[in-house]
Amino acid sequence: MTKTSRRVKVAVVQAAPVLFDLPATLQKIQRLVQDCASAGARLVLFPEAFIPAYPRGLSFGMVVGQRSQDGRNQWQRFYEEAVEIPGEVTKVLGAASREAGIHTVVGVVERESRVGRGTLYCTLLYFGPDGELLHRHRKLKPTGSERLIWGEGDGSSLKVLETDAGRVGGLICWENYMPLARVALYAEGVEVYLAPTADPRDTWQATLRHIACEGRCFVLGCNQFVTKSMLPREWAELDEVQTQSEILCRGGSAIYSPLGELLAGPVFDREEVLFADLDLGEVVCAKLDFDAVGHYARPDVFQLHVNRQPAATVRFTDLDGDIVTEPSSCPAAKKEE
């Protein structure tokens, strides 16, 4: 019997930004987005913290109980390169998507646009083929020393988008080790699961494959390939960078099917764009014998409650006695509801 097909071509970019050079990185993204669209892709995924860079190996002068002035100066440089949302960077990224007519998803380091805010977030931005910023997701739990430099997102951005490239959603790096966060996306019917990361280890392939089998969805794993020689001189000469190997991140980008079959990659030790033709009908076929939030669930035993209310740090009461909450941490997500 012939099955129903819904086909979409996707692209995964394994590359490095032009490290700590925002204008040059935006030019590189524009070129890559256009190249992917020319190859027929309808969705392209870039790695975690692609703008301005994943700060691999940097301590910003912080150890337990002590900070340094040099580290604070490095932090200021990093902060100044981070992305305000909305802002000039999102205008450029939206224009790149619109000109190419493609969905673009890119990892950025986000800074608060409101005056006086000093927190950075690891964020994933979704742009539609019309150039609109559809959604932003802030990493719920930064990993290890990332907690020294990134704040935590909230549940307001934990959702899946309905697009002409399928139902698309994802988590950033080790968020994907949070079982309940994955279940929330499965419950939203994710078909194309995005997993940008900074983890180049072999064990990450097992993670991608497991998510594909568990969620019965296509999984796009995306990482950077970065070397020390790509760093600007002032960053490369830091003592903490000098002790590291020449290859800072070897990549490992890959694409898996809903039954865990490898469709593209994994690619290591070079920059490359991976492509795969996805038949979204395979998502339904794969759920014949397993649906984590459907016929394989036991809601009488296990239930998950997801709090999608924006987490407000400060609440003000106006003259009329009404509670005025600070703006949502994810306005794009709020607009969709």
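In this structure, the residue pairs whose Cα-Cα separation is over 31 Å, taken from Lys91/Lys287; Lys9/Lys228; Lys28/Lys287; Lys141/Lys228, are Lys91/Lys287; Lys9/Lys228; Lys28/Lys287. Take every DSSP beta bridge whose two residues both sit in the range 7-303; close to 70 percent of them are antiparallel.
Computed from label points 7 Å out along Cα-Cβ, the spacing between Cys285 and Lys91 is 4.7 nm. Ratio of Rg to Rh for the range 25-89: 1.14 [Cα atoms; Kirkwood radius as inverse mean 1/r over pairs].
Among the listed values (i) 31, 26, 20; (ii) 30, 28, 25; (iii) 37, 24, 16, the one matching semi-axes √(5λ) of the Cα gyration tensor in Å as calculated from this structure is (i). Computed extension length for Arg67-Glu80: 2.7 nm, one decimal, from 0.36 nm per residue of separation with the Cα-Cα distance subtracted. Only Lys, Arg, Asp and Glu carry charge here, each on its Cβ (+1 for the first two, -1 for the last two); on that basis the range 7-303 has a dipole of about 340 debye about its Cα centre.
Read-outs throughout are calculated quantities, based only on the coordinates presented, and are distinct from any laboratory measurement. All of these numbers come straight from a predicted model, not from anything done at the bench. Cβ: placed from backbone, ideal geometry, glycine included. Neighbour counts: every protein chain shown.
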